[in-house]
């Protein structure tokens with residue numbers, strides 16, 4: 001069985017047929033309104049097609065058998081790369097569907113959970129090779145990549161649906177704190193009432209809301225622009241003689 005498969009894939013016309021099927025899928029994939037269209041993907045496909053045609057013409061030119069086998073192997077590698085792209089596109093489709101569903105009903109936590117589960121599966125596979133070559137823990141690398149990309153995708157999807165608010169904002173933080181505060185069973189009621197009142201007062205100052213939201217946006221998108229004086233004080237304390 002294995003020898004039959006290898007012998008079949010070693011035929012140049014079989015590789016050409018597989019390439020035609022991949023090109024057909026690529027054209028159908030571009031017509032799907034749910035999927036983002038990238039010019040880089042089009043250019044990459046054209047380059048791969050030209051390389052494949054070069055290998056095919058080299059094989060058909062009657063070169064030595066060893067070089068002909070190398071040309072067929074090159075065709076196989078190109079088709080293998082296209083197969084990986086096909087698998088990624090099949091994983092990206094449910095992720096884009098989950099983003100659309102979440103934007104239609106952002107209050108449903110199940111929709112958000114579906115976004116994260118399908119998004120992690122897509123980005124983990126997409127950057128699997130990069131995680132191995134990153135020089136750090138692959139699990140940590142993939143988690144950071146997926147978390148950042150999914151957050152940005154959610155933000156972009158919300159903006160496309162007319163929701164211009166930040167994905168992470170003071171309002172969201174206050175809602176999270178209020179939820180945690182209500183879930184605490186061992187805190188005194190007086191303390192809960194005091195904290196809740198302070199959280200409500202915090203949101204009543206427009207200047208404060210704008211500044212905190214600006215800080216959160218800067219921390220998520222451009223952390224290199226943040227200068228926290230507290231870090232400098234902590235650094236100075238560590239350098240002082242004891």
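Throughout, read-outs are computed from the coordinates displayed, never taken from laboratory work. Keep in mind it's a predicted model, so treat the numbers as computed, not measured. Virtual Cβ from ideal backbone geometry, glycine too; neighbours counted across all protein chains shown.
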The extension gain from residue 195 to residue 87, computed as 0.36 nm times the residue separation minus the Cα-Cα distance, is 33.9 nm
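Applying 1/(1 + (r/R0)^6) with R0 = 41 Å to the Cβ-Cβ distance of residue 73 and residue 151, what FRET efficiency is obtained, to the nearest 0.05? Walk me through the intermediate numbers first.
On the way: r = 41 Å, r/R0 = 1.00.
My answer for the efficiency is 0.50.
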For 187-194, 134-141, ranked highest to lowest by mean beta-carbon neighbours within 10 Å, the order is 134-141, 187-194
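Which length gain, in nm to one decimal place, applies between residue 47 and residue 23 when the Cα-Cα distance is subtracted from 0.36 nm times their residue separation?
Working: separation 24, 0.36 × 24 = 8.64 nm, distance 1.28 nm.
Working it through step by step, the gained length comes to 7.4 nm.
As a footprinting exposure proxy, order 92, 110 by other Cβ within 10 Å, with the fewest listed first.
Fewest-to-most ranking of 92, 110: 110, 92.
When a/c is below 1.5 the answer is rounded, else prolate if a/b is larger than b/c, else oblate, so apply that to segment 170-222 with a ≥ b ≥ c taken from the square roots of the Cα gyration tensor eigenvalues.
On the way: a/c = 4.00, a/b = 1.89, b/c = 2.12.
Judged from the Cα gyration tensor, segment 170-222 comes out oblate (a/c at least 1.5, b/c at or above a/b).
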FRET efficiency estimate (nearest 0.05) - Cβ-Cβ, residue 112 to residue 204, R0 30 angstrom
0.60
Could you rank the peptides 112-121, 55-64 by their average count of other C-beta atoms within 10 Å per residue, with the highest value first?
112-121, 55-64
Please work out the Cα center distance from segment 88-144 to segment 190-214, rounded to the nearest Å.
33 Å
